[in-house]
């Protein structure tokens, strides 16, 4: 059996971290849903930039919208929301058959609004109305300003993919925000059964930065270094350890009376989503961010290469709760070596926002260039 389909047997959904108009029109996306068990899609400006720059399927729409007098930002929204809407329609059977708990497609608000609560809320409402599909998730970064937007949108019944989470502390704040939004809905007499959210925990970027710090303290003159801990033994282990401990925190929240009261009213858990799952280091396994993190109430969103690798040789099992004590030791050992994981995750959040802004701005520039060329 295809390992991708087997994931669902262990409580995990696999999502595609990619979206193009070509895969919508040629049936590839529908085939992935039908044959491979695809349960969702994530998108971002970098994905759309690659899609629009590499495929002429967008040109006619951009030309028509330009001649209609729309601005570059308006054209961007029309183009992107069309793809998102069509993807939502393809995933709609998954949404309906899962009691409205799966089959989502994520669309990001402008990353320039990462530190602006009210502007994020306003844009999220507009995008939600423009797509007009129940299985849309709006992506909001888990910044301090983002938390206010997330709570308000969830209270209003707009599903949210909370993105750019790196630290367990940040995750705990997001989980608290989710609970508070649901409790507000209960107090207001609204249903909580039709509210969904995922907490997107980023992985490979953590290892890339921590490994760089570890390599800086590995002494090449002492290959048989015996000091405890040895920096070389920690390479490539931080992200998985961090994720396993975040999942343990998620489990503890499900055991609280506060959550149980919401669950009795039909609330769904805010699933843990593993993001940034492509392996950056060629010396590491190409499925290292999939195999160790399989378990209930989780999602793994993968780019095409990771999906292909896991379908070919991925091993499936309930692995998320394995080696938790070792994960604790990994983080303790990092501290002994002087590596401050909180400082690492703070840096990654700051860089992550910029890594969203740069492709977003490049996408708008691309659309502007295409508009001028096509309208001429």
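What follows is calculated from the coordinates using simple rules that are stated; it is not laboratory data. Bear in mind that the values here come from a model prediction, so they are computed numbers and not experimental data. A quick note on method: Cβ atoms are made from the backbone with ideal geometry, for glycine too, and the neighbour counts reach across all protein chains shown.
Quick notes on this one:
- Computed from Cα atoms, the angle from the helix 144-155 axis to the main principal axis of the chain rounds to 60 degrees.
- Efficiency of FRET from Cβ geometry, residue 67 and residue 252, R₀ 41 Å, rounded to 0.05: 0.15
- Label point distance in nm, residue 264-residue 97, each placed 7 Å from Cα along Cα→Cβ: 3.4 nm
- Its Cα gyration tensor gives segment 250-376 an equivalent ellipsoid; the semi-axes, largest first and in whole Å, are 34, 23, 20.
- Computed lengthening from residue 60 to residue 332, 0.36 nm per intervening residue step minus Cα-Cα distance: 92.3 nm
- Exposure proxy ranking, count of Cβ atoms within 10 Å, fewest first, for 197, 98: 98, 197
- Counting all C-alpha pairs of segment 112-176, share separated by more than 15 Å (%): 45 percent
- Using the Cβ-Cβ distance between residue 5 and residue 132 with R0 set to 41 Å, the FRET efficiency from 1/(1 + (r/R0)^6) comes to roughly 0.85.
- Column: log10 I(q)/I(0), Debye, Cα scatterers of segment 302-362, q = 0.13, 0.16 Å⁻¹: -0.71, -0.93
- Distance (nanometres) between label positions extended 7 Å along Cα→Cβ at residue 218 and residue 350: 2.7 nm
- With Rh defined as the Kirkwood radius, the inverse of the mean 1/r over Cα pairs, the Rg/Rh of segment 234-324 is 1.03.
- Expected 222 nm ellipticity per residue - DSSP helices of 4 or more, -39500 (n - 2.57), all of the chain, to 500: -17500 deg cm²/dmol
- When Rg and Dmax are taken over the Cα atoms of segment 140-209, they come to 12.8, 46 Å.
- Our estimate of slack between residue 180 and residue 125, defined as 0.36 nm per intervening residue step minus the Cα-Cα distance, is 17.8 nm.
- FRET efficiency, 1/(1 + (r/R0)^6) with R0 56 Å, evaluated for residue 325 and residue 362 via beta carbons: 0.80
- Extension reserve of the residue 36-residue 188 stretch, reckoned as 0.36 nm per residue once the Cα distance is removed: 50.7 nm
- For the chain, the longest principal axis of the alpha carbon atoms and the long axis of helix 324-336 meet at an angle near 80°.
- Equivalent ellipsoid semi-axes - Cα gyration tensor, segment 74-146, angstrom: 23, 15, 8
- Radius of gyration over Kirkwood radius for segment 145-290, both on Cα atoms: the Rg/Rh ratio is 1.12.
- Å³ per residue enclosed by the Cα convex hull of segment 1-91: 97 Å³
- Angstrom value of the Kirkwood radius, inverse mean 1/r, which spans all Cα pairs in the chain: 21.5 Å
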